[in-house]
Amino acid sequence: MARAGGVTIRDVAKRAGVSIAAVSMALNGTGTLSAATRTRVREVADEMEYQADALARGLRRSSVGAIGLVIRSLDLLGDYAPAGVDVFARFIGDLSSQAMARGLSVMLVPDLTRRPAPPLALGLDGYVVDLPTVDDPVVRLLERRGIPYVTLGRDPDRPGFTDWASEDGPAITRRVLDHLAARGARCIALVRGTVPNAWNLDAEAAYRSWSASRGAAPIVREVAEGDGEAGGRSMAHRLADEGAPDAVLCLTGRHAAGMLAGLAERGIRVPHDAMIATASDSEHARHSRPAISAVELDTAATSAALLDLLQARIDGRPSVAPVLTGARFHPRGSTRRRD
C-alpha cells in the first residue's frame, strides 16, 4: 500500500488496534466488521488524515480543474445561510461564475479541519480562504499539505504572506467616519464583531487612528457575529445606558439593524438623535426604516483579483499581491439629517 503523507495503512491499523485487512474493509465499506469497529477505524484514519491524503495524492498528480472555497466567517458563525445576509451569496456567485469563465469549477467546502472531511477536499488545485482568523487551523492544514491558497483579507498572523486581496477596509472605515462627521457627529462609537480576523482588527485600528487624529476618545464595543440583530439591540441599550453617542458604525448589517431597533426602544430617534451606518450592505440595511447607510463591497472585482492570484500561485508564477479593491458607500435615511 502506497504511503499517504507519511502515513500508511499499517500505521492506521496499529493505532486502531485492528488488522490491515480490517482497515481496508472499514474504509471501503466491505466485509462483516461491526459498526463500532468500522466507526473506530474511520475515526482513526480521519485523525491521521490517511483517507483524505491517499485520495489527494492521486488527484494532485495533475490538475483537476477545480478549486475550493472556504468561507471561514460562516464556519465560525455555524450558519451557512444567515437570514438577511446576502454579501456571502454575492461573493460566492461572483467567484463561481468568473471561475467557470476561466475553465475552473468551484467546490464549496466547510471547515477543512472538520471530520470527516469531504473526500475530494485535499485533491483540489488550490483554495480561496475567506477571512482567515488568528492562528487559523484551515490555513495551517493547507500549509502543511502544500496546497496552493490565497485569502480574502490579510492573514492576521502572517504579515509576510502577501497572496491576498480584499476591499480596502481601512479606507472604507475612514470614508464612513468622515461621512458621519460631516453630518455633525462628534461622538462616534464603533461596534465590531468578536472574531479575530482582518475585517474586525483593521477596522478597529483605522477607527482608533481616525479618532486620535481628531482628538476624540474612541468608543469600541464588541458583539458576537452569531448574536445577529439581538446582539445589536442589546448593545443599543448598553450604549443608551452609558450615554448614547450621536453616531454608531456597526461593521455588520445585522448588528446595525438591531442597533436601530434598540435605539428606537429607548426613544432615541434615528437620524435626529443618533445616526447609524454599517460597513457591509445587506437586506437588513436596505429594508430597515429608515434604511441604513451602508458600504456595498465590490465582490466582483475582489473575486477576479483572488482568481488571478490563485492561478499564479498554482502555476508557480510571481504574484502581484496584495490587491486592494474599492467599494461604494450608499448614504441612506439613517444618516440623512436635516439642517
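The values are calculated or read from the model by the stated rules, or taken from the named source; none is laboratory data. Keep in mind that this is a model prediction, so the values were computed, not measured. Positions of Cβ are generated from backbone atoms using ideal geometry, with glycine treated the same way; all protein chains shown enter the neighbour counts.
In the range 210-223, is there at least one residue being in the same structural domain as CYS187 (by TED's automatic domain parsing), under 25 Å from PHE88 (Cα atoms), in contact with a helix residue (DSSP H, G or I) (Cβ under 7 Å, 6 or more places away or on another chain) and without any contact (Cβ under 8 Å) to a residue 40 or more places away in the chain? So far as the range 210-223 goes, yes, one or more of its residues are in the same structural domain as CYS187 (by TED's automatic domain parsing), under 25 Å from PHE88 (Cα atoms), in contact with a helix residue (DSSP H, G or I) (Cβ under 7 Å, 6 or more places away or on another chain) and without any contact (Cβ under 8 Å) to a residue 40 or more places away in the chain.
If I ask for residues that are at pLDDT below 95 and of a type in the set (A, V, I, L, M), which ones from the range 280-296 would you list? Correct list: ALA285 only. Can you find a residue in the range 119-138 that is under 28 Å from GLY169 (Cα atoms) and in a helix (DSSP H, G or I)? Yes: one or more hits. Looking only at the range 206-214, decide whether some residue is modelled with pLDDT of 95 or more, within 20 Å of the chain's Cα centre (by Cα) and within 27 Å of ASP136 (Cα to Cα). The answer is yes; a qualifying residue exists. A count restricted to the range 171-180 and to residues that are out of contact with any Phe, Trp or Tyr (no Cβ under 9 Å at 6 or more places or on another chain) and surrounded by fewer than 18 Cβ atoms within 10 Å (Cβ to Cβ) stands at 1. For the range 14-73, filtering for residues that are under 32 Å from the mean Cα position of the chain (by Cα), at pLDDT 85 or above and assigned to a loop (DSSP other than H, G, I, E, B) leaves 1.
Every test in (1) modelled with pLDDT of 90 or more; (2) under 30 Å from THR194 (Cα atoms) is passed by GLY78 save one, and that test is (1). Only residues that are of a type in the set (Lys, Arg) and under 16 Å from PRO170 (Cα atoms) were counted across the range 183-210, and they come to 2. For LEU142, the requirement of being in the same structural domain as ALA257 (by TED's automatic domain parsing), assigned to a helix (DSSP H, G or I) and in contact with a Phe, Trp or Tyr (Cβ under 7 Å, 6 or more places away or on another chain) is not met. The set of residues from the range 139-170 being crowded, with 22+ Cβ neighbours inside 10 Å and among the β-branched types (Val, Ile, Thr) comprises VAL139, VAL150, THR151.
Within the range 303-336, restricting attention to residues that are among the hydroxyl-bearing types (Ser, Thr, Tyr) and touching a helix residue (DSSP H, G or I) at 6+ places or on another chain (Cβ under 6 Å), the residue that is farthest from GLY65 (Cα to Cα) is THR325. Taking the stated definitions as given, is PRO132 crowded, with 24+ Cβ neighbours inside 10 Å, more than 20 Å from ALA66 (Cβ to Cβ) and in the same structural domain as PRO318 (by TED's automatic domain parsing)? So PRO132 fits the description; yes.
Determine, yes or no, whether HIS255 is farther than 21 Å from LEU297 by Cβ, part of a helix (DSSP H, G or I) and in contact with a Gly (Cβ under 6 Å, 6 or more places away or on another chain).
No; evaluated as a whole, the condition is false for this residue.
A single entry from ASP241, ASP273 fulfils the requirement of being within 15 Å of ARG221 (Cβ to Cβ) and at pLDDT 95 or above: ASP241.
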